[in-house]
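Student: Supplied in structure tokens, the structure appears directly below.
The values are calculated or read from the model by the stated rules, or taken from the named source; none is laboratory data. Everything numeric in this text was worked out from a predicted model, so none of it was measured. Glycine gets a Cβ as well: all are built from the backbone with ideal geometry, and neighbour counts include every protein chain shown. Ligands, DNA and RNA are stripped out before the accessible areas are found, and what is left, the full protein with its side chains, is counted by its heavy atoms. Shrake-Rupley method; radii C 1.70, N 1.55, O 1.52, S 1.80 Å.
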Amino acid sequence: MSAEVILATTVLGTLFLLLASGVWVGVTLVVVGFVALFFFTPAPAGSLLASTIWDSSWGWALTALPLFIWMGEILFRSRLSEDMFKGLAPWLGWLPGRLLHVNILGCGVMAAVSGSSSVTCATIGRMSMPELRKRGYHEGMAIGTLAGSGTLGLLIPPSIMMIVYGITAQVSIGRLFIAGFLPGFMMIGLFMAYTAGWSLLNPTKVPPADPRMTFGEKIWNARRLIPVILLIVAVLGSIYGGVATPTEAAVMGVLGALILAAVTGSLSWATFRESLLGAVRTSCMIGLILVGAAFVTMAMAFTGLPATMANWVNALGLTPYGLILLLTVLYIVLGCFLDGVSMIVLTAPVVLPMVTAQQIDPLWFGIYIVLVVEMAQITPPVGFNLYVLQSLTGRDIWTVTKATAPFFLLLCVGVVLITVFPDIVTILPRQMTNG
């Protein structure tokens, strides 16, 4: 048995043993890196761990992460979901599927202010599910549209997952944010098209439209959405226009979210404290995973395993399309057991050299990996969105999973589209650079 096989077996065995034992992902990564260095290289594991912790935790780009998380936590505790349902519903009554589209567009708007899939799903679902049930909408489609559209929290900027990938792969976070726009709108279009088609094929499962409102009444109901839309435009427009870095835009987002919460009467000392503590908990969890991932990356570089794996894949003679197909299957399987952040940081040391060897654009690959991580949000047994919806609806996990299956397939279609037409991802960042 070759040294590389023994190394890979030891590393993977340690990884799965610790994860199965319930050890935190960040701690697991540190232990795996330590095992690889201590047993398979002469490098000083303790010194490298200390230097890696410092190097991976002081980066300026990392400061955008807790700020965007805090912005989402503030708005999660505001009246945004209630205002969103009242503001969007009157405009969507003419579409086949009617208020089911509120879930999709509502999640799209919430994604742009939260950056989190589970927060997006929970916030919109908490308001829309009771309303849709009361009006007699098909529960399976209501659950499916929520689960599928909730994943937009990872794709539509500002996305926490894009920040994690950008830090891990050393790719511009601002360019990643811009690259996520068109794929995000593409997925919204796919979800709405499927919902409309399903409704046309099942007209008896869609209740009658609500009484029509005048244009003035629609504007009045949507008035509270206008500040949120302006906040999104200000945050992302400042990045796109080169006026602010992602970190500076995140500061604007936090201040804007606090002002919105105060104006709508949602801001109290209790909600302020809860949002701050929620942001700290999430940021510390992701920070620990990033530190562990940086140490594993360092350890893998010393062992030479990523280069060996990349050479092995190259020896298979795979085309770039073949590699993307192989990685898609890998990430779908991993998504059954790991959360999105862990998937990215665990696989980056091995996968990125393969991607580079095939001359695949790291920026494009970042959006691709976010899309396949979105699939993980709705695949059992660890799909977070499934458990959010299970708690919201009281249904068993099998019922929720079955309702979500068509939207999983639509995410697969999205991966195919950006692979065949990569300009969907790259055209906006290229224009930003040229400008």
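Student: Exactly one of (1) surrounded by 14 or more Cβ atoms within 10 Å (Cβ to Cβ); (2) of a type in the set (Asp, Glu); (3) assigned to a loop (DSSP other than H, G, I, E, B) is unmet by residue 274. Its number?
Tutor: It fails just one condition, (3).
Student: Could you grab the pairs with beta carbons closer than 6 Å, sequence gap of 6+ or different chains, first residue in segment 404-421 and farther than 11 Å from residue 187 by Cα, second one polar (S, T, N, Q) and open to solvent by less than 40 Å² (accessible area, probe 1.4 Å)?
Tutor: Short answer, once both residue conditions are applied: none.
Student: Follow-up. Consider only pairs whose beta carbons are under 7 Å apart and that are at least six residues apart or on different chains; among these, list those whose first residue lies in segment 129-143 and is without any contact (Cβ under 8 Å) to a residue 24 or more places away in the chain and assigned to a helix (DSSP H, G or I) and whose second residue is open to solvent by 10 Å² or more (accessible area, probe 1.4 Å) and not hydroxyl-bearing (Ser, Thr, Tyr).
Tutor: Correct list of pairs: 133/139.
Student: Would you please list the contacts, defined by Cβ atoms under 6 Å and residues six or more apart or on different chains, that run from a residue in segment 210-233 that is more than 20 Å from residue 131 (Cα to Cα) to a residue that is open to solvent by 80 Å² or more (accessible area, probe 1.4 Å) and of a type outside the set (A, V, I, L, M, F, W, C)?
Tutor: Filtered contacts from segment 210-233: no entries.
Student: Of everything in segment 325-340, what is assigned to a helix (DSSP H, G or I), open to solvent by 10 Å² or more (accessible area, probe 1.4 Å) and of a type in the set (A, V, I, L, M)? Give them in sequence order. Write out each step before concluding.
Tutor: Applying the first criterion (assigned to a helix (DSSP H, G or I)) to segment 325-340 yields 325-335, 340.
If we keep only those that are open to solvent by 10 Å² or more (accessible area, probe 1.4 Å) as well, we get 325-326, 328-330, 332-334.
Selection gives 325, 326, 329, 330, 332, 333, 334.
Student: Within segment 186-208, work out how many residues are of a type in the set (S, T, N, Q) and in a loop (DSSP other than H, G, I, E, B).
Tutor: 1
Student: Right, next: Using the structure shown, decide if residue 38 is in contact with a helix residue (DSSP H, G or I) (Cβ under 7 Å, 6 or more places away or on another chain), modelled with pLDDT of 80 or more and surrounded by fewer than 17 Cβ atoms within 10 Å (Cβ to Cβ).
Tutor: When the stated conditions are applied, residue 38 passes them.
Student: Please determine, by comparing only the residues of segment 145-198 that are of a type in the set (Phe, Trp, Tyr) and open to solvent by 10 Å² or more (accessible area, probe 1.4 Å), which one is modelled with the lowest pLDDT.
Tutor: Residue satisfying both the conditions and the ranking: 181.
Student: If you don't mind, there's one more thing I want to ask. Name the residue that is most open to solvent (accessible area, probe 1.4 Å), counting only residues in segment 353-382 that are modelled with pLDDT under 85 and assigned to a helix (DSSP H, G or I).
Tutor: Step by step, filter segment 353-382, then rank; the result is 356.
Student: β-branched (Val, Ile, Thr) and surrounded by fewer than 18 Cβ atoms within 10 Å (Cβ to Cβ): does that describe residue 399?
Tutor: yes
Student: Could you grab me the full set of residues in segment 3-15 that are surrounded by 13 or more Cβ atoms within 10 Å (Cβ to Cβ) and of a type outside the set (S, T, N, Q)?
Tutor: Residues satisfying the conditions are 4, 7, 8, 11, 15.
Student: Here's a check for you: in segment 232-254, which residue that is open to solvent by less than 20 Å² (accessible area, probe 1.4 Å) and aliphatic (A, V, I, L, M) is farthest from residue 102 (Cα to Cα)?
Tutor: Going through the qualifying residues, I end up with 244.
Student: Here is a further query. State which residue pairs qualify: first residue more than 20 Å from residue 364 (Cα to Cα) and inside segment 321-340, second residue at pLDDT below 75 and open to solvent by 30 Å² or more (accessible area, probe 1.4 Å) in any location, beta carbons under 6 Å apart, and separation of 6 or more residues or different chains.
Tutor: Short answer, once both residue conditions are applied: 337/382.
Student: Quick check: anything in segment 209-222 outside any helix (DSSP H, G or I), among the hydroxyl-bearing types (Ser, Thr, Tyr) and more than 17 Å from residue 418 (Cβ to Cβ)?
Tutor: There is at least one residue in segment 209-222 that is outside any helix (DSSP H, G or I), among the hydroxyl-bearing types (Ser, Thr, Tyr) and more than 17 Å from residue 418 (Cβ to Cβ).
Student: Would you check if residue 150 is in contact with a Cys (Cβ under 7 Å, 6 or more places away or on another chain) and of a type in the set (Gly, Ala, Ser)?
Tutor: It is true that residue 150 is in contact with a Cys (Cβ under 7 Å, 6 or more places away or on another chain) and of a type in the set (Gly, Ala, Ser).
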